[in-house]
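Since every read-out is calculated from the coordinates, none of them should be taken as a lab result. Every value quoted in this text rests on a predicted model; they were computed, and no experiment measured them. No Cβ is skipped: glycine too gets one built from the backbone with ideal geometry, and neighbour counts run over all protein chains shown.
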């Protein structure tokens, strides 16, 4: 039965609602609704003009149907008609319908805006409020365009009623949030700030939300609000519980306003004026004192309101991070809440303490609660509370308590909820690495981690562990005793074939990169334990390996199989010699956790910390140089085995190609305020000598793709900068320079790029290139941007090479050799009349001159060698072309 | 505050208020997901939870769940009391409010909410002032409706 409806006479609506409620099935409901829709449609279309009351009733029914989750495609016009009714309730229902079902129909928007305009200028406060509520509820750009300049006037006008001011303030806030460019406070600024002094508490409560939002965007213009806010807060805090009449809530004076005032102050640094600051500190102390007083009511509303203010005050204390006394008091107060019987308070205390832990003043005080927090992790019944406890343990961890915390987290992992396991695993891995004092503890922890929660150990963790183990000789002996690592490291115990079978039994469960690693491990087995050779060759030979649809796996299988069958034991031993240490780099798992939790979750100090301590653990950076040298010697020896197991095969293990190791730009390597001068990265350069499009550079933050086209002596290059993170890059800028000799040879012009690159977004830049004369150097591209406060600086060689300005020339063999001979004086005569040779001819186009070039490539398949001869009309060109092209083979 | 949802123990949505622009499809998806998440929680659990990049604050009153989504910086406890104050306003207006009142007088529930919260922020926290505004409107309505009651049809 319908409940008694108060003040309302829409009986038809009540009957319809009960009908719907009595429907036994979804089908019956839909049938009833369709019947009603047909009825309303016919009423709206009928000849008889509907009176306002009926219109209101039908519009209200349509609204009800929409709120049930059905689509409504008519009735908008009738609702708009209601807006211009003189009857308050009809107008009200019209506005409600518009607020809930905004339509982008431009004709309708014009009519709605007209009605709103009329109501705003009606000087009838109830109508004005309805109109303002509608704007605040819809908040569309069209409305901002129409009213953003009018509302500030209403807000500050002396004769505006309080209730209208309240609506105007929040209406403006909504418009500012959707269209900040249209809401200009300008001359009104100071009068808006002074609303903080308004006698009416409701006006202050509404206005302060607007002021807070505006202060965040233009702190300087609004900074006078600080002293006003402090004095207002001080008056509230010191008032007796009944002074504020209806603004007192369960014996707490103006809790909403107090919270908003404390929140506004968090937009600013501590007040510079000593008196204001003194007054504020007094307020904060009073709030902390009140927390110790006996409650004035047993009602939870009383304690919630009181504690809402307390938590907001603690947020402000943490924000200032400058009053050791207050910080420690805050910490003690939160410590009491950790054992409170209210789950909500325990949750909030754990959360709030997390931020306290990062302050140097309160870190030690937070640490004293370790036992309570560990207990919370073990005994809390609500997973979201346990999650907070885990977060806090992570935040309070340092060298002194790392072993205890890691052990507790590990034991918690055994029973942890699936939803938080992956994050827990990352945290344990990071803490273990960050605070490892001895390596056996580290390896022990990580292997335990893998045992307990193997499925949740992401690849990043695996790679990181392997990297660390390989870089430290002293850990290897320890890790070696574990089955898992033995084939990769040295393999001391256990029967090798058993090891292999165990390892291989898991092969089909692994991801592609892991399988690739396993295949490399297998070939190392063959080297170390010849008795496994036959078994492993069989594995490699089977179709699922040698014909694997993944190119990487297939190639490895084919190459390893061949290597194991043709190479002598000596060759095999050389090729499979122990990996050199990985170049020093930062933990990718920290990046992963950061990505999971958003950039705010891991503070900058934490990152700096891990950078320092991570460095120690990995045995110093000087090894990077060795690696690079080794890689270089690998690359320059064109033996077939270098190709097989060269640097590329180590790439999936998380090590960057060694040559780039020392130049690697990592998220954490430049976390400091000043970015070190970036070394030039020419890693991608050589790959583009013979191609025009592709990815030039990629790290964890940024991907740079290029697309280029050349005609005659002109070229155009499109650079695509992709932000791989979810956070925006600020102050993004790029410069292209032609150093030294290159300046008169090449002219590169670029258009500036947008300074902001949103997370996940890609921006494009066009370079126009003109070749003035032949050249050997490459232009440099420098990129600077801020990522979460850290300046990133990166310089790349742009792959603009002389051969890009080639124009192909057709010529017969006779012509070719005639010209070839004409140019012979410049080079040695070494013509080999072999039909397999390739010959090419072209003209390099520069602005100043044209340089004819002839090329001959003579492969010798047997010797696996080739000879490349270039003859050009200019010697410097043939020299440069020779350098460029010979590196391509 | 980004939005407020009222739903029953059976998962039926009774009131929805969105303070950020979202498409109907997104609104439905969010509602479905949140109703499911909140209903799955046990009675003694804490009233706050992280959801996407928002914080959810919810409380159950009899058969109705009140659920608010706030942003990272917002205060959970004061939001909990926003819910309570809204319940008090409904209770005072309807006189021991129950789910049926919200169903049959949904438009009133929206009007009261608009007087209390606007654009997701507290506009007027005084119970007296909010109810005064609503009662004034009712007085207007009664005088207006005097003549039209008789002509009301069932369909």
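Please compute the Kirkwood hydrodynamic radius of region A:252-295 from all pairs of different C-alpha atoms, in Å with one decimal.
On the way: mean 1/r = 0.0857 Å⁻¹.
This gives a value of 11.7 Å.
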Averaged over residues of B:46-53, the number of beta carbons from other chains lying within 10 Å of each residue's Cβ is 5
Using the alpha-carbon centroid of each, what span in Å lies between region A:724-749 and region A:188-238?
45
Given labels modelled 7 Å from the Cα in the Cβ direction, how far is it in nm from residue A:71 to residue A:375?
5.9
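As an exercise, use a Förster radius of 56 Å and the Cβ-Cβ distance of residue A:809 and residue A:498 to find the FRET efficiency, rounded to the nearest 0.05. Write down the numbers at each step before the final one.
Working: r = 66 Å, r/R0 = 1.17.
It comes out at approximately 0.30.
Averaged over its residues, how many other protein chain Cβ atoms are within 10 Å of peptide B:69-77's Cβ atoms? Please list the in-between numbers first.
Values: counts 0, 0, 0, 2, 5, 3, 13, 8, 15.
That average works out to 5.
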What is the extension gain from residue A:221 to residue A:711, computed as 0.36 nm multiplied by their sequence separation minus the C-alpha to C-alpha distance, in nm to one decimal?
171.0 nm
Using only the Cα atoms of region A:494-579, build the gyration tensor, take square roots of its eigenvalues as a ≥ b ≥ c, and label the shape rounded, prolate or oblate: rounded if a/c is under 1.5, else prolate if a/b is larger than b/c, else oblate.
oblate
Shape call, chain B: gyration tensor on alpha carbons, a/c limit 1.5
prolate
Distance from a point 7 Å along Cα→Cβ of residue A:839 to each backbone N in region A:865-880: keep the residues under 18 Å and list them by number.
A:867-873
Cα-based Rg and Dmax for region A:387-448, where Dmax is the largest Cα-Cα distance (Å)
10.8, 31
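Please tell me the relative contact order of region A:321-396 in percent, rounded to the nearest whole number, where contacts are Cα pairs under 8 Å and at least six residues apart. Write out the running numbers ahead of the final one.
Values: 87 pairs, mean separation 24.6, N = 76.
Contact order relative to length: 32 percent.
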Footprinting exposure proxy for A:188, A:462 (fewest neighbouring C-beta atoms within 10 Å first):
A:188, A:462
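Would you kindly state how much longer the chain becomes between residue A:451 and residue A:544 on full extension, computed as 0.36 nm times their sequence separation minus their alpha carbon distance, in nm to one decimal?
Values: separation 93, 0.36 × 93 = 33.48 nm, distance 2.85 nm.
Value of the extension gain: 30.6 nm.
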Tell me, how many Å apart are the Cα centres for region B:77-104 and for region A:24-55?
31
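Considering Cα pairs under 8 angstrom that are at least six residues apart, work out the relative contact order of region A:686-804 and quote it in whole percent.
Relative CO of region A:686-804 lands at 25 percent.
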1/(1 + (r/R0)^6) with r = Cβ-Cβ of residue A:761 and residue A:26, R0 = 56 Å, i.e. FRET efficiency to nearest 0.05, evaluates to 0.85
Suppose R0 equals 35 Å. What FRET efficiency, 1/(1 + (r/R0)^6) with r the Cβ-Cβ distance, do residue A:117 and residue B:128 give to the nearest 0.05?
0.65
Given contacts defined as C-alpha pairs under 8 Å and at least six residues apart, what's the relative contact order of chain B, whole-number percent?
20
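Can you give the extra length, in nm with one decimal, that the chain gains between residue A:703 and residue A:199 once fully stretched, where that is 0.36 nm per residue apart less the Cα-Cα distance? Before the final figure, lay out each step's value.
Working: separation 504, 0.36 × 504 = 181.44 nm, distance 5.64 nm.
So the chain would gain 175.8 nm between residue A:703 and residue A:199.
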Pairwise label distance in nanometres, residue A:733 with residue A:566, each label 7 Å out on the Cα-Cβ vector:
5.5
Sort region A:686-804 into rounded, prolate or oblate with this rule: let a ≥ b ≥ c be the square roots of the eigenvalues of the Cα gyration tensor; rounded if a/c is under 1.5, and if a/c is not under 1.5, prolate when a/b is larger than b/c, oblate otherwise.
prolate
